[in-house]
Amino acid sequence: MKIYETRTAPNPRRVRIFLAEKNIDVEYVQLDLQKGENMSSQMRAKNPIGKVPVLELDDGNCISETVAICRYFEEVQPAPPLFGTSPLERARIEMWQRQVEFGLMMQIGMCFQHTTGYFKDRMTPIKEYGEEAGKIATSYLKQLERQLAENEFIAGDSFSIADITALCAVDFGRVVKIRISEEQSNLQRWYQQISARPSAKA
Ligand SMILES: N[C@@H](CCC(=O)N[C@@H](CS)C(=O)NCC(=O)O)C(=O)O
C-alpha cells in the first residue's frame, strides 16, 4: 500500500495527519506538483484528474479524494473514530467537514492558484477571482470563531476530520497571508490546541 503525495501540499497533509492520529504507517511516494509529475500518464491511470493524494492498495486498486481515502482507513481501523460514532455525531462531523472544505480549504486553494499563478502552465489564473476567494475564506473564519466559542472542537466535543481539514487550511493560508486574527481568541485557542497534537507534525 502506498500514497502518492506532495509534502508541502495541504490535501495530502490531511491524510498524513489522519493516519498519524490512527497510528497507521504507509509508504509515501513524493511527486513534484510544479513539474507536473502528478499529471503523468502513469498518475492519470491512478487518478484521472491528476491530483494528489492518491492511495494505491496492494491489489492495485486506487482511491483518490482526501475524504474518500480517510473514510477507507476509518473503515479499516475505526479507532480512534474521526468521523463520529452516533448517527448525530456522524452527521455533524460530515456537515462541518464539508463546510470547512468548501468555505475555507477550497477558497484558500483558489486564492493561492489564482493570485500566484503557481499552476499557470495548466490553468488560467484570474487574479480577481483569487482575491474574492481569499475574502470568502477570511469571512468563513468568522463563522468558525463563533462555533469555537461554544465548542471545544469544530464539530463539537470530539476531535474529528473537520479539525484536520481546518488546521491544514489555516496553515496553508499563510502562503496567501490569510491568518486567524489576534481578536479571534476562540480560533487562536483551538489552533494552539490542535497544532500541539503530535499528528500535526505529520
Ligand atoms: N478534492 C481533492 C483535491 C486534491 C487537490 O486539489 N490536490 C492538489 C494538492 S493540495 C493537487 O494535486 N494539485 C495539483 C494540480 O492541480 O495540478 C481532494 O480532496 O483530494
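The values are calculated or read from the model by the stated rules, or taken from the named source; none is laboratory data. Please read all numbers here as calculations on a predicted model, not as lab measurements. Note: ideal-geometry Cβ built from the backbone for every residue, glycine included; neighbour counts use all protein chains shown.
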Any hit, the range 19-32, residues being at pLDDT 95 or above, of a type in the set (Lys, Arg) and closer than 14 Å to Ile63 by Cα: no
Set Glu132, Glu182: member being under 30 Å from Asn38 (Cα atoms) and over 17 Å from the mean Cα position of the chain (by Cα): Glu132
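Residues checked against (1) crowded, with 19+ Cβ neighbours inside 10 Å; (2) at negative phi; (3) touching a Phe, Trp or Tyr at 6+ places or on another chain (Cβ under 6 Å); (4) not in a helix (DSSP H, G or I):
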site	(1), (2), (3), (4)
Thr124	no, yes, no, yes
Glu131	no, yes, no, no
Lys135	no, yes, no, no
Ser139	no, yes, no, no
Gln143	no, yes, no, no
Ala162	yes, yes, yes, no
Enumerated helices (runs of 4 or more DSSP H) restricted to the range 1-115, each holding at least 2 residues that are free of Cβ contacts under 8 Å to residues at least 40 places away in the same chain and within 14 Å of the ligand (Cβ to nearest atom): 41-46, 66-76
Glu145, sole failed condition from (1) over 18 Å from the mean Cα position of the chain (by Cα); (2) within 13 Å of the ligand (Cβ to nearest atom): (2)
Checklist (1) under 22 Å from Gly50 (Cα atoms); (2) in contact with a Ser or Thr (Cβ under 9 Å, 6 or more places away or on another chain) applied to Val176, failing item: (1)
Residue in the range 54-61 that is modelled with pLDDT of 95 or more and under 19 Å from Ala202 (Cα atoms) present: yes
Search result, residues across the range 40-50 that are surrounded by fewer than 16 Cβ atoms within 10 Å (Cβ to Cβ) and of a type outside the set (Lys, Arg): Ser40, Ser41, Gln42, Ala45, Pro48, Ile49
Residue ID - surrounded by the most Cβ atoms within 10 Å (Cβ to Cβ), chosen from residues in the range 96-117 that are farther than 12 Å from Leu144 by Cβ and of a type in the set (Phe, Trp, Tyr): Phe112
Odd one out for Ala149 among (1) of a type in the set (Gly, Ala, Ser); (2) in a helix (DSSP H, G or I); (3) surrounded by 16 or more Cβ atoms within 10 Å (Cβ to Cβ): (3)
